[in-house]
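Below is one structure; the comments refer to it alone.
The values are calculated or read from the model by the stated rules, or taken from the named source; none is laboratory data. Values in this document were obtained by computation on a predicted structure and should not be read as measured data. Here the Cβ is made from the backbone with ideal geometry for all residues, glycine too, and neighbour counts use every protein chain on show.
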Amino acid sequence: MIQYAMLTSKDLRTAYLKFFESKGHLIMPSDSLVPDDPSLLYTSAGMVQFKPYFLGERVPPAPRVVTSQKCMRTDDIDEVGDAVHHTFFEMLGNFSFGDYFKREAIVWAWEFLTEVLRMNPDHLWTSIYLDDDEAYDIWVNEVKFPPERIVRLGEDKNYWPANAPSKGPNGVCGPCNEIFLDVMPEKGMPEDPTWSIAHDPNRFVEIWNLVFTQFDRQEGGKLVPLPSKNIDTGMGLERTLAVLQGTPTDYETDLFLPIIKRIEEVSGAKYGSDENTDRSIRVIADHIRSAVFCIADGVMPSNIGRGYVLRRLIRNSVVKGRKLGLSKPFMAGIVSVVVEIMGDVYPEIADRQGYIEKVIGAEEDKFRSTLQAGLQRLEEQIEIAAASPEKKLDGESAFTLYDTYGFPLELTRDIAAEKGISVDNDGFAAAMEEQRRRAKQASDFGSVMVIGGDTALLELEKTVAPTQFVGYESLEADATVLAILRAGELSSAAHAGDKIELVLDVTPFYAETGGQVGDTGVIEGVGKREQGAEGSLVEVTNTLKASHFALHVAEVKSGTVSVGDRVRAKVDGERRMAIARNHTATHLLHAALRKILGEHALQKGSVVDPDRLRFDFSHFQALTPDELRAIEDEVNSMILADLPVSTLEADIDEARKMGAMALFGEKYGEVVRVVKISEASTELCGGTHLRH
């Protein structure tokens with residue numbers, strides 16, 4: 001295979017981000033694998049976190065954005081083990097929200113590939129949608145690309161979502177422009193370039209997909225041009241890296257090879273010795289990466305949803321390990337290699353390494369006992385099949401073994417064959433296809449990309465500055481009313497008896513987030529008193545966070561409050577103090593749990609209100625009475641010591657060096673707030689706390 005610019009995975013990732021930063025893009029961090037979207041099990045593409053911006057529901061932080069996004073897809077889980085399929089992968093992507101369009105996307109892609117990565121221009125090909133003459137003209141007239149290396153493909157290949165013009169769904173859609181690298185140029189011009197680009201991925205490797213979202217598909221298949229056109233591109237890091245490093249598959253790159261070497265060490269198997277061994281090693285290498293990142297983002301093995309996917313990945317690895325002679329638990333021992341390769345880019349896996357190892361180890365132990373139960377079930381099914389005239393194990397039973405016990409079809413076939421029993425492959429395939437159909441319906445991103453109307457919140461984002469929170473320093477503040485919402489609609493004024501949400505320019509009210517409930521109190525109108533009129537009185541019953549704003553959920557008790565009024569915001573101080581006591585107590589409890597139970601005991605959620613606190617944490621069994629007593633004693637000891645509580649702001653890297661713990665599911669900016677309780681606890685936290 002041809003080798004191009006010899007870049008490591010870190011080099012390629014950095015080069016991509018920095019190139020687009022030089023083109024005016026904001027570098028944004030990868031989102032969690034657990035998306036803020038109930039229609040998706042996992043983040044499956046770089047654009048998932050930007051869905052509200054593409055739909056016009058939110059205002060983006062910048063019109064141009066670039067990311068390296070960690071992604072998970074399991075539709076092709078049974079293909080994993082070949083040269084290119086993965087469950088976990090990284091997607092490099094540059095995005096435009098109503099800013100630049102096709103010309104810049106195409107020209108910059110060409111510049112990056114040929115000038116930064118130094119790919120041979122003569123080895124590149126591109127496919128465009130059948131009638132996308134605009135893209136064709138840019139390639140030919142501006143890039144000066146040879147027309148004979150441009151192929152036009154139909155909506156099944158070069159449209160997003162696939163087949164959208166004819167089959168839907170309705171909503172945002174547009175043509176795609178894919179860029180391919182010919183890794184066997186010595187073969188010369190293919191006899192049928194269009195067929196080869198569409199059907200010969202071994203020779204023509206897709207490097208980059210540029211999606212031009214420019215239409216709103218409406219009923220009857222009518223494509224209405226969008227008023228604001230967007231760009232969504234994706235370059236698979238693993239595949240591009242394999243091309244650059246000249247490796248035969250993705251698994252020989254620096255992202256996988258150290259993992260493969262560790263698997264060789266623990267199993268005694270040799271990668272490259274035969275195809276079956278290679279496939280088993282690749283599956284384990286792929287699945288251990290997925291498991292590490294899933295668990296780091298808060299997923300636990302279970303029988304439903306995301307947890308079920310994680311459980312299948314671990315189980316499948318154990319089965320493949322058995323083929324390599326691995327009869328004892330081995331997966332937890334590979335976690336450190338994944339952390340070594342990627343922990344500096346994704347520090348959450350380094351921070352939670354001990355916890356990840358314990359979760360994987362416990363699940364592997366559990367499955368090894370399940371595997372024995374599965375073998376017993378298989379023996380029972382084989383006996384039933386042996387008594388039948390066909391001597392065939394039915395496909396539904398084979399699929400149940402696969403789905404419930406983690407038995408891949410080949411394992412069932414091998415064991416059955418030893419007893420002279422065949423397996424109904426067609427029945428198994430039918431059951432598998434039905435499951436895939438259900439999974440696809442549940443995870444098809446295109447089906448949930450629908451045009452949304454303007455909302456009050458979107459209008460606020462366009463016209464109103466974010467709320468400034470001053471509640472760490474003071475429980476009262478003078479402020480201006482910037483917006484009033486009644487029944488979800490913007491209003492200019494509200495009167496006695498109205499239930500509203502108020503947006504102020506400045507507020508001492510803490511908005512519910514991070515488990516801490518929102519503040520209550522009053523907002524007093526002061527502006528009208530200068531004219532001799534009685535000021536308004538608004539009772540705040542809750543404070544919620546919405547986008548960049550604190551929404552004061554309230555009822556007007558007297559007078560009239562209007563946009564533009566000057567007001568005095570007053571937090572209920574006694575209630576805030578009770579909340580602060582409980583919030584600081586959760587940090588002490590977290591520290592005690594980690595000390596008594598071990599570092600794997602990490603926070604998974606909490607509720608902090610004035611009357612009580614609830615703390616969810618990860619552990620593998622119910623606490624014993626002795627453990628409960630020890631934890632209680634430890635917390636009381638810290639309380640009696642009257643430890644000082646301090647807060648500071650730092651950039652995220654500096655905070656991590658201080659040992660600050662980041663919590664599952666939380667998203668942090670470049671600058672974070674660190675809450676430190678003497679030497680006992682250091683956490684990233686935006687909540688309100690005691691001073692000692």
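For the reader, a short list of remarks on this structure follows.
- Of the helices (runs of 4 or more DSSP H) that lie entirely inside the stretch 305-383, those containing 3 or more residues that are over 21 Å from residue 407 (Cβ atoms) and in contact (Cβ under 8 Å) with a residue 24 or more places away in the chain span 335-342, 347-351.
- For the stretch 347-390, the set of residues classified as of a type in the set (Phe, Trp, Tyr) and within 20 Å of residue 600 (Cα to Cα) consists of 355 only.
- Condition met for residue 551 (in contact with a Ser or Thr (Cβ under 8 Å, 6 or more places away or on another chain), surrounded by 17 or more Cβ atoms within 10 Å (Cβ to Cβ) and part of a strand (DSSP E or B)): yes
- First in the stretch 8-24 and under 12 Å from residue 116 (Cβ atoms), second anywhere and among the aliphatic types (A, V, I, L, M) and assigned to a helix (DSSP H, G or I), Cβ under 7 Å, 6 or more apart: 12/237; 12/241; 12/244; 15/116; 19/116
- Looking across the stretch 294-332 at every residue that is within 27 Å of the chain's Cα centre (by Cα) and among the hydroxyl-bearing types (Ser, Thr, Tyr), the one that is surrounded by the fewest Cβ atoms within 10 Å (Cβ to Cβ) is identified as 302.
- Filter result (in a loop (DSSP other than H, G, I, E, B) and either closer than 16 Å to residue 84 by Cα or out of contact with any Gly (no Cβ under 9 Å at 6 or more places or on another chain) (or both)) within the stretch 268-288: 270, 271, 272, 273, 274
- Options 249, 253; residue that is in contact (Cβ under 8 Å) with a residue 60 or more places away in the chain, polar (S, T, N, Q), under 26 Å from residue 322 (Cβ atoms) and surrounded by fewer than 24 Cβ atoms within 10 Å (Cβ to Cβ): 249
- Checking each residue in the stretch 112-122 for being within 21 Å of residue 232 (Cα to Cα), surrounded by fewer than 17 Cβ atoms within 10 Å (Cβ to Cβ) and in contact (Cβ under 8 Å) with a residue 24 or more places away in the chain picks out only 116.
- Single residue of 285, 291 found to be buried (at least 20 other Cβ atoms within 10 Å of the Cβ), small (Gly, Ala, Ser), under 30 Å from residue 600 (Cα atoms) and out of contact with any strand residue (DSSP E or B) (no Cβ under 9 Å at 6 or more places or on another chain): 285
- In the stretch 20-36, of all residues being touching a strand residue (DSSP E or B) at 6+ places or on another chain (Cβ under 9 Å) and either of a type in the set (Gly, Ala, Ser) or not assigned by TED's automatic domain parsing to the domain that holds residue 63 (or both), the one that is surrounded by the fewest Cβ atoms within 10 Å (Cβ to Cβ) corresponds to 24.
- Residue match in the stretch 30-37 (condition: within 20 Å of residue 213 (Cβ to Cβ) and small (Gly, Ala, Ser)): no
- In the stretch 473-518, the residues that are in a loop (DSSP other than H, G, I, E, B) and free of Cβ contacts under 8 Å to residues at least 60 places away in the same chain: 473, 474, 487, 488, 497, 498, 505, 511, 518
- Within the stretch 586-599, restricting attention to residues that are surrounded by fewer than 21 Cβ atoms within 10 Å (Cβ to Cβ) and more than 12 Å from residue 680 (Cα to Cα), the residue that is nearest to the chain's Cα centre (by Cα) is 599.
- Whether a residue is hydroxyl-bearing (Ser, Thr, Tyr) and touching a helix residue (DSSP H, G or I) at 6+ places or on another chain (Cβ under 9 Å) was assessed, and residue 681 passes this test.
- Residue in the stretch 666-674 that is farther than 25 Å from residue 519 by Cβ and surrounded by 13 or more Cβ atoms within 10 Å (Cβ to Cβ) present: no
- Only residues that are among the aliphatic types (A, V, I, L, M) and either assigned by TED's automatic domain parsing to the domain that holds residue 92 or touching a Ser or Thr at 6+ places or on another chain (Cβ under 7 Å) (or both) were counted in the stretch 261-295, giving 4.
- Scanning the stretch 79-103 for residues that are modelled with pLDDT of 95 or more and either outside the structural domain of residue 231 (by TED's automatic domain parsing) or among the small types (Gly, Ala, Ser) (or both) returns 93, 96.
- Whichever residue in the stretch 378-410 is of a type in the set (D, E, K, R) and within 37 Å of the chain's Cα centre (by Cα) and, among such residues, is modelled with the lowest pLDDT: 410
- Filtered residues of the stretch 123-152 (kept if within 30 Å of residue 219 (Cβ to Cβ), of a type outside the set (Phe, Trp, Tyr) and buried (at least 19 other Cβ atoms within 10 Å of the Cβ)): 127, 128, 132, 135
- Residue list for the stretch 386-437, filter: polar (S, T, N, Q) and either in contact (Cβ under 8 Å) with a residue 40 or more places away in the chain or under 22 Å from residue 310 (Cβ atoms) (or both): 400, 404, 435
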